[in-house]
Amino acid sequence: MPSFCPSLTLKETRAVLDRFPQLGCVKTWIWRRRNPYYAASGIVLASGGPVFIKRHSSSVRNAHALMQEHRFIAHLRAAQLPVCEVLVDASGACAIDCGHWVYEVHRAMPGIDLYRDAFFWTPFVSVAHARAAGQALAQLHLAARGYTAPARRTQILVGRFGIFASADPLAQLDALIRNCPSLARLLARRRWRAAAHKRLLPFHARLYPLLQTLETLWTHNDWHASNLLWSSARAPVRVSAILDFGLSDRSYALCDLAIAIERNIIGWRAQPYVHSGSIDWDALHAFLDGYESLKPLTEAEAHALPRLLPLAHAEFALSEMAYFSSVADAPEQAALTYERYFLGHADWFNGCAGQALIACLERRAARANTAYALY
């Protein structure tokens, strides 16, 4: 996997953690991400216990943006969800601004990190994990209902669903590109309007009428097994910790569900970098059954999910394109993201496997209709 920022060093980690007298001296690494993608991170053993440290480029996350994230974590923690405690330094700051870099420090959470070395979009290893992940996501959404903060202002590397929630996505895309010079340069020689009109807007036309009935709330937006800690490798199992709220923002609960299906149920990487798209049907039903055991989908949500799924990754792909074409200085990766993720993921849903997945979710929605009618 390519790396787009330098790994953390023990020297810089000690310099940051010196601001946290409650942690004592830093001893050694427990784990460190070797090839950082968006941000560098690691877990160190301090005399005050193990702590997680993460370093962001200030071009991606300033201190204010991180504090928005931390307030959402604090809300979930107050609701008894298993999320990390964000630590504050001697001055009371939870986001440590060091110029080009901004750091955050969390207490390490208990649990087994079974998917730590998994590639993005690696499926669940068992049906039990899928069901437990669905239940944990439902718990998060129930707790998030009481969190009223507005959407984040930052545009880079957040998961939101604003462009395709609007009546005119092309106008929203135009506005985004005009305000993002790196995106404008990347797309200047591409027929992106025609491509979006042909390949994305048909999905939007089916989804848009149903979106008007759905409530917004703060969502995780990166619900993959690698962002969860587990009580056990096999059943019975529960999620013991929820990690990485870096992409969180105000969106729709269905966006979290769709992202989770995309990233855990579809085997994009059965062959490296090939959209093979095998589907784990048992995991799909276990995940949704787990979710609905605590938070049943409304009739509108059940019908909207298969319509939203093909567009779930498109807006984040634009955010990635902006990151790769500016902060990471990786124009080839930005171009690949445009073809493979902004357009390519939606294209997959027009193929046989994608249509089968949509049809499966539509059958679930029809069964939900029957249940509502009987009730």
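Some observations on this one:
- Scanning the range 77-129 for residues that are of a type in the set (F, W, Y) and within 21 Å of the chain's Cα centre (by Cα) returns Y103, Y115, F119, F120, W121, F124.
- Boolean, R307 is over 17 Å from H204 (Cα atoms) and modelled with pLDDT of 95 or more: no
- Counting only residues that are of a type in the set (K, R) and assigned to a helix (DSSP H, G or I), the range 160-200 holds 5 of them.
- Filter pass, Y147 being modelled with pLDDT of 95 or more, of a type in the set (F, W, Y), out of contact with any Ser or Thr (no Cβ under 7 Å at 6 or more places or on another chain) and not assigned by the TED database to the domain that holds P21: yes
- Residue in the range 159-166 that is farther than 25 Å from R33 by Cα and not assigned by the TED database to the domain that holds L207 present: no
- Selection status of T122, in contact (Cβ under 8 Å) with a residue 24 or more places away in the chain, outside any helix (DSSP H, G or I) and over 18 Å from I73 (Cα atoms): yes
The values are calculated or read from the model by the stated rules, or taken from the named source; none is laboratory data. Computed from a prediction, not measured in an experiment: that's the story for all the values here. Positions of Cβ are generated from backbone atoms using ideal geometry, with glycine treated the same way; all protein chains shown enter the neighbour counts.
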